[in-house]
Amino acid sequence: MVRVAVAGFATIDYVVRVEGDFTGRGTRRMREAAWPRAGGAALYASAALVEAGVAAAPLTWIGDDADGATYRAVCGALDGVAITPGAPSTRCLLIYNADGSYGCLLRPGPAELTEAQLRLAAAAEWLVIAAEPPAVTARLLEIEGPRLAWIAKDDPACFPPELVARLTARAEVVFCNTGERAWLEAGRTGPAPAGQILFETRGADGVRVEAGEVFDLPVAPLSVDDATGAGDTFAGAALAVLIGGGSPRAAAEAGIAAAEALLSSR
């Protein structure tokens, strides 16, 4: 049985690293690239949950093309993966500059909830919401029963103000990065619910945890120029500890370790 359903886009990432800054003009030399790599918060977070021993599955959508086959090849649980015949999978071209900043070119694919996906979400103990079409999130929030976690993303196309207000008011666990924190707080229409745990990843400055008390944890310095999936991996590993009855501090420590392992593997 799937204990955690993680809803969000499935992407096939084509990662490019350039020397200097890519501005859209002229030619830049490419460094080592990932062509292609399955990605998306649903995949990274569910994989971290499974690695920690929690039965989890991405709730997502792909086409029946070669990109979809790439995704299926690395996806451990296909229970919540809807395959749309004749449709292209979502493709994401990530261009990383030398300073670590990046741009993203997206070709959207299918993203429509199926009855099987709704049943999977309703039967899960936890439902994790990540970036996806707002209509999908709104429909999932109508389901009663699962506990809710939110992997926030400052993207109005996925999380318009009305959904931010609903998610901040209902989620028991929230994950965001430091650049998203002001946006998240501005979206609240009331105080945070009692007991809400918030993890704020802060890059090289570590992780801030707000769970009644507020504390910061350090991270090991790493030299990386492709941090894709680190925050989602952190979220999955941290949530696994909370589901197992662990403390927010232990959850953050597990999330840091999982994210560092991912980044060190690249």
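The values are calculated or read from the model by the stated rules, or taken from the named source; none is laboratory data. Source: prediction; values computed, not measured. Positions of Cβ are generated from backbone atoms using ideal geometry, with glycine treated the same way; all protein chains shown enter the neighbour counts. Just the protein is used for accessible areas: all its heavy atoms, side chains included, with ligands, DNA and RNA removed. Shrake-Rupley method; radii C 1.70, N 1.55, O 1.52, S 1.80 Å.
Scanning the stretch 173-195 for residues that are in contact with a strand residue (DSSP E or B) (Cβ under 8 Å, 6 or more places away or on another chain) and basic (Lys, Arg) yields a single hit, 181.
Being surrounded by 20 or more Cβ atoms within 10 Å (Cβ to Cβ) and in contact with a Phe, Trp or Tyr (Cβ under 9 Å, 6 or more places away or on another chain) is a condition met by no residue of the stretch 23-32. Figure legend. Inter-residue proximity from the stretch 35-51: first residues at positive phi, second residues among the polar types (S, T, N, Q) and crowded, with 24+ Cβ neighbours inside 10 Å, beta-carbon distance below 7 Å, spacing 6+ or different chains. Indicated pairs: 40/11; 40/60. Scanning the stretch 93-122 for residues that are open to solvent by 10 Å² or more (accessible area, probe 1.4 Å), within 30 Å of residue 188 (Cβ to Cβ) and among the aliphatic types (A, V, I, L, M) turns up 106, 111, 113, 118, 120, 122.
Scan the stretch 112-137 for residues that are farther than 13 Å from residue 40 by Cα, in contact with an Asp or Glu (Cβ under 9 Å, 6 or more places away or on another chain) and among the small types (Gly, Ala, Ser) and the total you get is 3. Of the helices (runs of 4 or more DSSP H) contained entirely in the stretch 42-159, those carrying at least 2 residues that are touching a Ser or Thr at 6+ places or on another chain (Cβ under 7 Å) and under 19 Å from residue 6 (Cβ atoms) fall at 66-74.
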